[in-house]
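Read the structure below first, then the notes.
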2 protein chains.
Amino acid sequence: MRRFVIVGHKAHTTPDFKLDDLAGGAGRLDVLLRCVNSSFFLSHDIRTDVIVYLVLQGPEDPPRTVRFVGSELRYLNPDERSTGALVRNALLKRSDSEVRSSPGVYVSKMSFKEVLDEVTPLGSVIYLREDGVFYRDRDYPDDVAFVLSDHKNLTEDEESELASRTKEIISIGARSYHADHCITVMNHELDLRTPPI
Amino acid sequence: MRRFVIVGHKAHTTPDFKLDDLAGGAGRLDVLLRCVNSSFFLSHDIRTDVIVYLVLQGPEDPPRTVRFVGSELRYLNPDERSTGALVRNALLKRSDSEVRSSPGVYVSKMSFKEVLDEVTPLGSVIYLREDGVFYRDRDYPDDVAFVLSDHKNLTEDEESELASRTKEIISIGARSYHADHCITVMNHELDLRTPPI
């Protein structure tokens, strides 16, 4: 299973935003929505071997985590607005434990630390950062979780949490890319190593 | 200069659509908007060495081409909605010759054939298709135009137009990807071959 954990430092945790204003009033939720697209979409197909964690840390009720499970997804479309609606619907659910808001979409009060606690026993955890090992120069296990940040870098505390669990840092090159573009490149690299049956 | 030519077979050519309905009422304009994003955006930067042609072929006034020039762009943001607004504003302009609708955004009545006529003398023209030469196994000139289709394949007539100008076909792998993901992968590959100064 490929897992992508993306931290949204300002992304709203209550459904108080308009779908017309995902880049503004939702705290750059648009960045995270594009990550969902690049994690799951093949042409006319959805990757069933991918799970995405959007860790939302903005107002009014942080943290909350929206988890997308590829093998269960039914109503995911590639455009930002419809995926924004799935996230907003998820945020309408109020529960301390994880609950399902639509097929393949789950919402919880998990923090970044708790998400790391969940994914670390399941496989390698890898941080994507500009100064890591070049991504083509290493192998990857089948079970792997990539950790990315939104348009802001991880905070020092978040980097410490991550460093306490993994020393694996990879880079996709000297340039700095949007998180969703990094996911596209990593998905593609893993595809090349696992040819279709 | 890197050029990306993307054909939108159903994308509307009159500004008769709502920004709330880019995937529906605008004829899958969302696909093309994501291509604009992946063509231009680096983290906190816009690529000034890229030009994008969106060739719109949907109702009510086909064909029309919206051209984005990276070195002149001022109001481009990564989200689909704001780029959709730039395209809709462009389509409000009525002129037989190419006119500027906002900094770096131009609109014309150019057809796919006419766009090919414009880009062919400027450098290599390369068609991205699943059955081409693997993209990592060749060199690229500085001046290159990549031709992609939206969620539909190029028509036979369009393939013939293209084939009369170039025999260069490349593939990014056995799987079939969304056009914007192909652009992200190609931009990244070219980045790796031209390290930052």
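Here is how the numbers come out for the structure above:
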{"item": "Accessible surface of the protein assembly as shown [probe 1.4 Å, protein heavy atoms]: carbon and sulfur percent", "result": "48"}
{"item": "Accessible surface, the protein assembly as shown, averaged per residue in Å² (probe 1.4 Å)", "result": "41"}
{"item": "Label spacing, shortest first and in nm, from B:Asp131 to its equivalents in the remaining copies (7 angstrom along Cα→Cβ)", "result": "4.9"}
{"item": "Fraction of beta bridges assigned by DSSP in chain A that are antiparallel (%, nearest 5)", "result": "40"}
{"item": "Segment A:6-193 - Rg over Rh from alpha carbon coordinates, Kirkwood radius", "result": "0.93"}
{"item": "Accessible area buried, both sides summed, chains A and B with 1.4 Å probe, Å²", "result": "3200"}
{"item": "Value in Å of the Kirkwood radius, where the protein assembly as shown supplies the Cα pairs that are averaged", "result": "21.5"}
{"item": "Helix B:80-92 axis, angle to chain B major axis (alpha carbon atoms, nearest 10°)", "result": "60"}
{"item": "Antiparallel %, DSSP beta bridges [both residues in the protein assembly as shown], to 5", "result": "40"}
{"item": "Distance from segment A:136-172 to segment B:32-62 (C-alpha centre basis), Å", "result": "30"}
{"item": "Inter-label distance for B:His151 and A:Ser176, nm, one decimal - labels placed 7 Å from Cα along Cα-to-Cβ", "result": "3.4"}
{"item": "Whole-number Å³ per residue for the convex hull built on Cα positions in segment A:126-182", "result": "89"}
{"item": "Over chain A: helical MRE at 222 nm, DSSP H runs n ≥ 4 each giving -39500 (n - 2.57), nearest 500", "result": "-8500 deg cm²/dmol"}
{"item": "Solvent-accessible area lost in complex, 30 Å² minimum, residues of segment A:33-81 relative to chain alone, 1.4 Å", "result": "A:Arg34, A:Asn37, A:Phe41, A:Leu42, A:Ser43, A:His44, A:Pro78, A:Asp79, A:Glu80, A:Arg81"}
{"item": "Using θ = phi - 60° and Karplus 6.51 cos²θ - 1.76 cosθ + 1.60, couplings along segment A:97-111 (whole Hz; Gly, Pro as x)", "result": "8, 5, 10, 8, 9, 7, x, x, 10, 10, 10, 8, 9, 4, 8"}
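The values are calculated or read from the model by the stated rules, or taken from the named source; none is laboratory data. Bear in mind that the values here come from a model prediction, so they are computed numbers and not experimental data. Note that we place each Cβ from the backbone using ideal geometry, even for glycine, and neighbour counts take in every protein chain shown. We work out accessible area using only protein heavy atoms, side chains counted, and drop any ligands, DNA or RNA first. Shrake-Rupley method; radii C 1.70, N 1.55, O 1.52, S 1.80 Å.
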